[in-house]
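Quick notes on the structure that follows.
Nothing in this text is a laboratory measurement; each read-out follows from the coordinates by a stated rule. Everything numeric here is computed off the predicted structure, so don't read it as measured data. Quick reminder, even Gly has a Cβ in these numbers, built from the backbone with ideal geometry, and neighbours come from all protein chains shown.
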Amino acid sequence: MYQVISTGLAIWPMMASSGYSAAATKFSFWFSEYRKVLSLVREGMGKDSIRQLSKDENIFSATTPNRGAVIASAVYARVNSMPEEINRFMDTGDLEIQRTIVIFSIMRTDRLFFEFMFEVFRDKMLVGDMVLRDSDFRTFFNEKRISSETVSEWTESSLNNLRKTYKSYLADAGITDRAIGDRLIVRPYLGPDFEDILIKAGMEPFLKALGRMSP
């Protein structure tokens, strides 16, 4: 289902047809929503059924039915992208592991965010630069504008909103603080047992994106 392809400095386990998207400007971390959708999927519900349930019962407390549909579709894709042997830690793992699973699912369904993590966040962890600066985001997006016709067509407003979304993801995952401006990176601790399970499940690129493994 997934293949590892070369993307410059990064590699991404991805669907072959996937490309860059700015859809994340409409997305959030959605931790509790991930747990809810995972439970519904385990009950046998598919994406369309979850979208309908959101419309009928507003299970995500969305501001509008359309917003509920966006949440249902995005979170379903995230849940469905993760191996069940990993998702089961949403029941048994501590909060740090659970939040890491959600950030992995975001990386697994968003090529551009994965590349940010692999090319920027990972490099900072490897060299011990534990501060994430707005200039890091600007440099990353400027480089993507040069290398990608798709990204080159995005407006400054879209890129600024992506920066805000990425910063929100990282803070909600507990791997940065919430300071205004520069943000301190908090090294995640997953434990050797969970890391071994991730590796066996083919999640090495995502561990590397968090700086948890040697290059």
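Some notes on this structure:
- Scanning region 174-188 for residues that are touching a helix residue (DSSP H, G or I) at 6+ places or on another chain (Cβ under 6 Å) and either closer than 19 Å to ALA23 by Cβ or assigned to a strand (DSSP E or B) (or both) returns a single hit, THR176.
- Region 124-144: number of residues that are surrounded by 15 or more Cβ atoms within 10 Å (Cβ to Cβ) and among the charged types (D, E, K, R): 4
- Residue count for region 78-116, restricted to those that are free of Cβ contacts under 8 Å to residues at least 60 places away in the same chain, part of a helix (DSSP H, G or I) and among the charged types (D, E, K, R): 3.
- Of all residues making up region 28-59, the number that are free of Cβ contacts under 8 Å to residues at least 60 places away in the same chain and hydroxyl-bearing (Ser, Thr, Tyr): 4
- The set of residues in region 67-104 that are surrounded by fewer than 23 Cβ atoms within 10 Å (Cβ to Cβ) and of a type in the set (S, T, N, Q) comprises SER73, ASN80, SER81, ASN87, THR92, GLN98.
- Residue, farthest from VAL75 (Cα to Cα), within region 160-184, restricted to residues that are crowded, with 19+ Cβ neighbours inside 10 Å and touching a strand residue (DSSP E or B) at 6+ places or on another chain (Cβ under 7 Å): ARG183
- Taking region 28-66 as the range and being on the phi > 0 side of the Ramachandran plot and crowded, with 18+ Cβ neighbours inside 10 Å as the test, only TRP30 passes.
Rundown of residues vs (1) hydroxyl-bearing (Ser, Thr, Tyr); (2) under 11 Å from the mean Cα position of the chain (by Cα), yes/no style:
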position	(1), (2)
SER54	yes, no
THR64	yes, no
THR100	yes, yes
PHE116	no, yes
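- Exactly one residue out of THR150, THR139, THR165 is among the polar types (S, T, N, Q), assigned to a helix (DSSP H, G or I) and without any contact (Cβ under 8 Å) to a residue 60 or more places away in the chain, and it is THR139.
- Between ARG145, ARG183, ARG163, ARG133, the distinction of being among the charged types (D, E, K, R), closer than 17 Å to PHE113 by Cα and touching a Ser or Thr at 6+ places or on another chain (Cβ under 7 Å) belongs to ARG145 only.
- In region 185-215, of all residues being farther than 17 Å from PHE121 by Cβ and of a type in the set (Val, Ile, Thr), the one that is surrounded by the fewest Cβ atoms within 10 Å (Cβ to Cβ) corresponds to ILE199.
- Matching residues in region 168-180 - criterion: being of a type in the set (Val, Ile, Thr) and touching a residue at least 12 places away in the same chain (Cβ under 8 Å): ILE175, THR176
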